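Undergrad: Here it is: the structure, laid out below.
All of the numbers you see were taken from the coordinates with simple rules; none came from a lab. All values derive from a computational prediction rather than experimental measurement.
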Amino acid sequence: MSDDIDSKARKPRKKPGKVKQKAHLVKAALTLAQSRGWRDLSMAEIAAKAKVPLADALEITPNKTAILRAFSQHIDVQVLNEMEGETGDEPARDRLFDVLMSRYDALWPHRPALRAILGDLPSDPGALLAALSPALESVKWMLEAADLDTSGVRGALRVRAVGLIYAANLRVWLQEDSEDMAKTMADLDRRLRRAESLMEQAAGSVETASGLMRSALGALANLGTSRQAAAESDE
């Protein structure tokens, strides 16, 4: 009987699943970044804080960029769930505005950690470049949530254009002094309106250029026809 009790006592506890371990690693990374910065933070420190074996951390999030990607995806899921069926028939600019503001709502509790991370990234060009990929992936999902196409060349350009708007607006959000985010909303609205105006101008320029090209081709075609007619009349 006592042997059975001892064997049960010695039985190792089941480890948390990988999903939970990833969540622990992300939370630990944000906590440590807030207290001591991001640049010099090691994966060993993050794993120790998360109480995740280093070998498991290597398999789940092999580097800090993977942690940033996991955090971004977590926020993406929150926003997509929040905005499901909410965009309706609003104009594209309004839909995108609502989605991005929903993202800021989800990010708000993590703002001190994000200040530390984004403050350190510019001093590490390699890490900064690596962080761009998950950032653009998140922008792509935000556009999809706003029912804006991200496929093809035009979609890729849209992702990059909105990425630039989001990056510039993020600086304003990081300096917000009120949870109503009035400054962020005003700046985002201004940037989206300006981008919309530029897109309309670009579309108008393309249409004008296409019209001029069609006119020129028509004139050339007519010129060829008139020359043929003139030659036939001379005969």
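Undergrad: With θ set to phi - 60° and the Karplus curve 6.51 cos²θ - 1.76 cosθ + 1.60, what are the ³J(HN,Hα) couplings of the stretch 89-97 in order, to the nearest whole Hz, using x for Gly and Pro?
TA: Whole-Hz 3J(HN,Hα) from phi for the stretch 89-97: 9, 5, x, 4, 4, 5, 5, 5, 4.
Undergrad: Okay, next question. For the stretch 26-73 and the stretch 163-182, what is the centre-to-centre distance using only Cα atoms, to the nearest Å?
TA: Taking the Cα centre of the stretch 163-182 as reference, the centre of the stretch 26-73 is 25 Å away.
Undergrad: If you don't mind, there's one more thing I want to ask. Could you sort out which of Lys22/Lys49; Lys22/Lys140; Lys22/Lys64; Lys27/Lys183; Lys27/Lys49 sit more than 21 Å apart by Cα distance in this structure?
TA: As for pairs spanning more than 21 Å Cα to Cα, those are Lys22/Lys140; Lys27/Lys183.
Undergrad: If you wrap the stretch 14-192's Cα atoms in a convex hull and average its projection over all directions, what's the area in nm²?
TA: Computed as one quarter of the Cα hull surface, the answer is 11.3 nm².
Undergrad: Once phi is turned into ³J(HN,Hα) by the Karplus curve 6.51 cos²θ - 1.76 cosθ + 1.60 with θ = phi - 60°, what whole-Hz value does each residue of the stretch 142-154 show in order, with x for glycine and proline?
TA: 3J(HN,Hα) across the stretch 142-154, in whole Hz: 5, 5, 5, 5, 8, 6, 10, 5, 10, 8, x, 5, 4.
Undergrad: Quick one: compute the contact order of the stretch 14-192, relative version, from alpha carbon pairs under 8 angstrom and 6+ residues apart, as a percent.
TA: RCO, the stretch 14-192: 23 percent.
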